[in-house]
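The structure appears below as structure tokens.
The values are calculated or read from the model by the stated rules, or taken from the named source; none is laboratory data. These numbers come from a predicted model, not from an experiment. Quick reminder, even Gly has a Cβ in these numbers, built from the backbone with ideal geometry, and neighbours come from all protein chains shown. Ligands, DNA and RNA are stripped out before the accessible areas are found, and what is left, the full protein with its side chains, is counted by its heavy atoms. Shrake-Rupley method; radii C 1.70, N 1.55, O 1.52, S 1.80 Å.
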Amino acid sequence: MNIYRLAVLSDNYIFVLHDPVKNIAAVVDPAIAQPVLDKLEELGAPLVTIFNTHHHNDHIGGNSALIKKFPEAIIYGGEKDRDRIPNMEVFLKAGDRVNFGDREAQVYFVPGHTYAHIAYYFAPTSDEGGELFCGDTLFAGGCGRLFEGTPAQMLNSLDQLRQLPDDTRVWCAHEYTLGNLKFALTCDRDNLDLQERMVTATAMRQRGEATVPTTIGLEKRTNPFMRWDTPAIMRSAGIEIPDRVFAKIRGQKDNFSG
Ligand code: ZN
Ligand code: FE
């Protein structure tokens, strides 16, 4: 499975998946349609599946134009988004498995950013690595805002993702990395991995490069929202109850202007 990252709008990423053997394509969270249509044309592959993580318009905005062009394409989304994602045909819940080409994704229910949010995890195969498409749940260096969920729900969602293999590539839906790392340094300033990541990510952005995908391993070492139960983060929050640490740093991030 080849993965193509399309940068659209101000900071969104759309991911086009291509199975070169069957020559079919899928898309994850198409904010808009045209760049996806251009990529499909370049690949010469039909769109068979639209994977949505949640109902926000910057993740489903391209759906209707895409299915107009590819009426056979099927829209997948979380079962709790049933009434919020138009034309959805497959309603997914935790543990469901979905196929694309020769790969299989497992569905994770990851509420917090919205109450219906899901993620797609393609486990590694004998010759390809693991891939996680997590929408606005886990970001490089941060996590999504809690529009419809509680800190405890988001903690639980991220705790599930934290258990995936360290080398899993993480395809987040936004380029928010530098702002996230800036905040991360305020609560984990002695973390050498984090300091180094800030330098690397800054250089990448200066060169116009994307910082996505990241990996689960890198997030576990440097993302405060994956580290709520580490001594450093608990110390900086001044609390020793992990759930409350998470709530506190998420609240601080909401009010952080860099
Ligand atoms: Zn969103
Ligand atoms: Fe978004």
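General observations
- In the assembled protein chains, residue 202 presents an accessible area of approximately 50 Å² (probe radius 1.4 Å).
- Karplus-derived HN-Hα couplings along region 54-71 (A = 6.51, B = -1.76, C = 1.60, θ = phi - 60°), whole Hz, x at Gly and Pro: 6, 7, 4, 4, 6, 10, 10, x, x, 3, 5, 5, 6, 6, 5, 6, 10, x
- Sequentially through region 73-89, phi angles give Karplus couplings (6.51, -1.76, 1.60; θ = phi - 60°) of 5, 10, 8, 10, x, x, 4, 6, 9, 2, 9, 10, 10, x, 6, 5, 10 Hz, Gly and Pro residues having no value and appearing as x.
- Contour minus Cα-Cα distance for residue 2 and residue 169 (0.36 nm per residue): 58.8 nm
- Heavy-atom accessible surface of the chain, averaged per residue, reaches 44 Å², computed with a 1.4 Å probe.
- Degrees between helix 192-206 axis and first principal axis of the chain (Cα, 0 to 90, nearest 10): 50
- Neighbour-limited loop hits for GluC sites (Glu not before Pro), region 171-258 (at most 15 other Cβ within 10 Å; DSSP other than H, G, I, E, B): 209, 240
- Between helix 151-162 and the chain: long-axis angle, C-alpha atoms, 0 to 90°, nearest 10: 70
- The orientation-averaged projected area of the convex hull spanned by the Cα atoms of the chain comes to 13.2 nm².
- Over 22 Å between alpha carbons, listed pairs 80/248; 39/93; 93/248; 182/253; 22/80: 80/248; 39/93; 93/248; 22/80
- With every protein chain in place, the chain: carbon and sulfur % of accessible area (1.4 Å): 49
- Loop trypsin sites (Lys or Arg not before Pro), region 193-258 (other Cβ atoms within 10 Å of the site Cβ: 11 or fewer; DSSP): 207
- Between helix 177-187 and the chain there is an angle of about 20 degrees, using the helix long axis and the longest principal axis of the Cα atoms.
- Residue by residue, region 120-130 carries 3J(HN,Hα) couplings of 10, 10, 8, 5, x, 10, 4, 10, 10, x, x Hz when phi is fed to the Karplus relation 6.51 cos²θ - 1.76 cosθ + 1.60 (θ = phi - 60°); x denotes Gly or Pro.
- For residue 116, no residue whose modelled amide H falls within less than 5 Å of its own remains once neighbours fewer than 5 places apart on the same chain are excluded.
- MRE, 222 nm, helices only [DSSP H, n ≥ 4, -39500 (n - 2.57), over the chain, to nearest 500]: -9500 deg cm²/dmol
- Segment residue 10..residue 97, full-extension length gain: 28.1 nm, with 0.36 nm per residue of separation and the alpha-carbon distance subtracted.
- Computed accessible area, residue 64, all protein chains, 1.4 angstrom probe, square angstrom: 70
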